[in-house]
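Down below is the structure, laid out as structure tokens.
The values are calculated or read from the model by the stated rules, or taken from the named source; none is laboratory data. Quick caveat: nothing in here was measured; it's all calculated off a predicted structure. Cβ sites come from the backbone with ideal geometry, for glycine too, and all protein chains shown count toward neighbours.
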Ligand SMILES: Cc1cc2nc3c(=O)[nH]c(=O)nc-3n(C[C@H](O)[C@H](O)[C@H](O)COP(=O)(O)OP(=O)(O)OC[C@H]3O[C@@H](n4cnc5c(N)ncnc54)[C@H](O)[C@@H]3O)c2cc1C
């Protein structure tokens, strides 16, 4: 954790978002908030935003609680795949120009094998490619357009679930202030490290295996094709795989390894290869960052919830091969919302309905990792 805190603390050159800040009246005004909600969502990522949008469409009173100051940085390559594009457009509209990084669209993924030969996998049939976005901007735009009340800088630290309501405990991240908020349903959209999941089922949490994903942002140059997202499958560069892409002129690259001490070895090896083969020259470090992920997605251990508490997105284990997770975050957020709305209006077991609604998504995640292993010629999650 010391390593993580160190990595996260370094400065980051954020893209301009003054325009967005100026148009956010509903975020962070705790004094005006009511203390009773139909649903509280913990986490303002894509799964939280989609759940909020769906619940608001269903006429429910919704609060989103986010521990970071919005717009928040999120480690990501920021590629919006076809399914994510479709859900985004249908429920939120066109992605604003301010969320795009240059090059605005990437043609596809270029996978490099052990011998450093490549195969291209286009992102779209029409050749348009996929949006290359900054997550800080995209996620912020989603949550603002969800229609829910949003409280940032509040960390959820505990909850109790009686049959009638859930009571949530949260702390302000900068002030010495505590809140207890009640709701009928609680949704954890907390990402891979979910406090709510760990409280619901400690033995399950203990059984999880973790990997660390690390990413650098540097000023500099290279002669790698900037219109592709590059994946390096040689396991010397990472247990999962190593990646490279360009964002607003920054050289963005990283790798993912089993939790332990192999990270710097793989990263050094990978960086040297980029220098030798692609003329990578790094002039100024802008940010280095890391996060943890777990093996729920590759072991079919999706955790959808308990009682009145639901889990969506990565908190529930939804992450596709090669780390694509926005599409299943959006779709499971919407499914949880649909299940809750139906249960509120016509009765029935909302968790059973959510389980049914996510059947296809769970199957797709499992298949994606099998396909990924075929492409890589090895297990992509050897944790
Ligand atoms: C290196 C990397 C590259 C990736 N690239 C891509 C890509 O190009 N395309 C793609 O589709 N996917 C990509 N992904 C995956 C994608 O980022 C995730 O799957 C997606 O963000 C999951 O969304 P989520 O809403 O479930 O969680 P998150 O986006 O992680 O959001 C969770 C939110 O909850 C907040 N939170 C957590 N705990 C609490 C708490 N207790 N109280 C209050 N708030 C809390 C967090 O601060 C965070 O804002 C990538 C992942 C990594 C690691």
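Inside region 202-224, residues that are closer than 24 Å to residue 113 by Cα, in contact with a strand residue (DSSP E or B) (Cβ under 9 Å, 6 or more places away or on another chain) and away from the ligand (no atom under 14 Å from the Cβ) make up a count of 3. Looking at 173, 119 in this structure, which one is at pLDDT 95 or above, touching a strand residue (DSSP E or B) at 6+ places or on another chain (Cβ under 8 Å), surrounded by fewer than 16 Cβ atoms within 10 Å (Cβ to Cβ) and not assigned by TED's automatic domain parsing to the domain that holds residue 316? Unique residue meeting the criteria: 119. Would you mind stating whether residue 156 is in contact (Cβ under 8 Å) with a residue 60 or more places away in the chain, crowded, with 18+ Cβ neighbours inside 10 Å and more than 10 Å from the ligand (Cβ to nearest atom)? So residue 156 does not fit the description; no. Looking only at residues that are at pLDDT 95 or above and closer than 20 Å to residue 82 by Cβ in region 125-136, which one is surrounded by the most Cβ atoms within 10 Å (Cβ to Cβ)? Selected residue: 133. Consider residue 342 carefully, then state whether it is surrounded by fewer than 18 Cβ atoms within 10 Å (Cβ to Cβ), closer than 27 Å to residue 55 by Cα and in contact with a helix residue (DSSP H, G or I) (Cβ under 8 Å, 6 or more places away or on another chain). Yes. For region 250-282, the set of residues classified as crowded, with 18+ Cβ neighbours inside 10 Å and assigned to a strand (DSSP E or B) consists of 250, 251, 252, 253, 254, 255, 256, 257, 258, listed by residue number. Restricted to region 58-71, and to residues there that are surrounded by fewer than 17 Cβ atoms within 10 Å (Cβ to Cβ) and either modelled with pLDDT under 95 or within 29 Å of residue 132 (Cβ to Cβ) (or both), the residue that is farthest from the ligand (Cβ to nearest atom) is 69.
Exactly one residue out of 156, 150 is in the same structural domain as residue 68 (by TED's automatic domain parsing), over 30 Å from residue 229 (Cα atoms), touching a helix residue (DSSP H, G or I) at 6+ places or on another chain (Cβ under 6 Å) and modelled with pLDDT of 95 or more: that is 150. Tell me, please, whether a residue that is within 22 Å of residue 123 (Cα to Cα), touching a strand residue (DSSP E or B) at 6+ places or on another chain (Cβ under 6 Å), within 16 Å of the ligand (Cβ to nearest atom) and at pLDDT 95 or above can be found in region 291-301. No: region 291-301 contains no residue that is within 22 Å of residue 123 (Cα to Cα), touching a strand residue (DSSP E or B) at 6+ places or on another chain (Cβ under 6 Å), within 16 Å of the ligand (Cβ to nearest atom) and at pLDDT 95 or above. Just one residue in the set 334, 280, 351 is more than 16 Å from the ligand (Cβ to nearest atom) and in the same structural domain as residue 182 (by TED's automatic domain parsing); that residue is 351.
Taken over region 26-46, the criterion of being near the ligand (Cβ under 9 Å from one of its atoms) and either farther than 15 Å from residue 156 by Cβ or at pLDDT below 95 (or both) is satisfied by 46 alone. Evaluated against (1) in a helix (DSSP H, G or I); (2) surrounded by 15 or more Cβ atoms within 10 Å (Cβ to Cβ), residue 204 falls short on exactly one condition, (2).
Taken over region 225-249, the criterion of being under 24 Å from residue 105 (Cα atoms), crowded, with 20+ Cβ neighbours inside 10 Å and more than 12 Å from the ligand (Cβ to nearest atom) is satisfied by 228, 230, 232, 233, 246.
Search region 176-201 for residues being part of a helix (DSSP H, G or I) and either without any contact (Cβ under 8 Å) to a residue 12 or more places away in the chain or within 9 Å of the ligand (Cβ to nearest atom) (or both), and hand back the single one that is surrounded by the most Cβ atoms within 10 Å (Cβ to Cβ). Here the residue is 196. In region 63-172, counting only strands (runs of 3 or more DSSP E) that sit wholly within it, the ones holding 3 or more residues that are over 19 Å from the mean Cα position of the chain (by Cα) span 100-106, 108-112, 118-122, 154-161, 166-172.
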